[in-house]
Amino acid sequence: MNRSERESLYKNFLIFFTLLELMLALLFFFFYNDKKKDIYELLLKRMQVCSYTLNCKDFDYDFYPKNGKALVNKLYTDKEELYALFPLPTSKRYYLKISYKYPKLQEDIQELASSILSLFAFASLLIMVLAFVLTLYTLQPIRQALKINQEFIKDILHDFNTPISAMVLNIEMAKRECKSPFLDRISQSIETILALQENLRLFLKNIKSEPNKISLNQLVKDRLRYFSSLYPNLHFQLQERAKVTLYIQKDLLTRILDNLLSNAAKYNKRGGYVRAIVERNRLIIEDSGKGIKDRKRVFDRFYKESDRGIGIGLSIVKKLCDELDIKIDIESEVGKGTRVSLKFNGTSSRNGS
């Protein structure tokens, strides 16, 4: 079971268990109140019997003066006791008062509460098992669908190996015969495909790449060199205002940079520029492209403002930035260009002058 499946299991189990537990707690609350009423009714019946026998060890006896407000065969409470009044056939001035002390009443209620809590705990255990079984049952179709998708992707990745290997061998052979910038661009593109393929394998195995120490300046320089070979009609510039060292997952940061630089180049004008600025704890990517109309929706999956692309690049960028604790801001003006700022938060960055 991978991380996503475990997370779904925990969340669904928590929802099932919480709902069932709330229903159970409500039922036991009403059950407790009913049983508490039964205690009072039973005490009144015992008092009625004791009013005839006058021989009950748990109760106290006394006389109570008659008045117009007092009612017989009814429970009364005061600060110290629970009592009831009963008629005395031989007396016109007094009632017989039979009382039950509060400490004894509290013991009875505490005993009731303990027994109900024990029953509630046992019922909660059964509810927990039931919630877990229901969760497994409801997640089974989803797990099966995920398994089919993962196996399909693994098969596709495996089938990619043969044509990619053939391309790599033929390009190496072609480089021996002649040197051409076109071959270098193709070779760099294949290396990118291989890196994405490896990332996808790690994702399917639910293995996160380990963070390591990298030079942001060098990484940006390498990616600018790569995209400059793909877009020779654009001017790629690097401004280094600081030397920045990051302790971060390089492959994820590379994907962020590639998506941003690809967008900056793809939607640029002929002869335009793409500028990367490395600052103390921030990276800025500027372009002279056509700009973004609706900046609020740029991170929405499948949102796009042209026929090119499928609208998932910036959605992936935002997800990766959140995972790496990078704050991303976008400023854009239609017809003039876009400015993307990546701010490295926390201890993920160590900066040099």
Take the residues in the range 175-189 that are assigned to a helix (DSSP H, G or I) and among the hydrophobic types (A, V, I, L, M, F, W, C); name whichever of them is nearest to Ser165 (Cα to Cα).
Ile186
Select from the range 226-240 the residues that are loosely packed, with under 13 Cβ neighbours inside 10 Å and modelled with pLDDT under 90 and list them in ascending order.
Pro232, Asn233
Do the conditions hold for Thr162, that is, is it at pLDDT below 90, of a type in the set (S, T, N, Q) and touching a Leu at 6+ places or on another chain (Cβ under 8 Å)?
no
Inside the range 31-83, can you point out the residues that are among the aromatic types (Phe, Trp, Tyr) and surrounded by 10 or more Cβ atoms within 10 Å (Cβ to Cβ)?
Phe31, Tyr32, Tyr40, Phe59, Tyr61, Phe63, Tyr64, Tyr76, Tyr83
Counting only strands (runs of 3 or more DSSP E) wholly inside the range 214-279, the ones holding at least 1 residues that are outside the structural domain of Ile193 (by TED's automatic domain parsing), more than 20 Å from Asn345 (Cα to Cα) and touching a residue at least 12 places away in the same chain (Cβ under 8 Å) are 235-240, 273-278
Taking Leu257 as the residue in question, decide whether it is in contact with a Lys or Arg (Cβ under 7 Å, 6 or more places away or on another chain) and at pLDDT 85 or above.
yes
Mind checking whether some residue in the range 39-60 is part of a strand (DSSP E or B) and out of contact with any Leu (no Cβ under 6 Å at 6 or more places or on another chain)?
yes
Test: residue in the range 99-120 that is touching a Ser or Thr at 6+ places or on another chain (Cβ under 8 Å) and farther than 30 Å from Tyr10 by Cβ
no
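The values are calculated or read from the model by the stated rules, or taken from the named source; none is laboratory data. Source: prediction; values computed, not measured. Here Cβ is always computed from backbone atoms with ideal geometry, including for glycine, and neighbour counts include all displayed protein chains.
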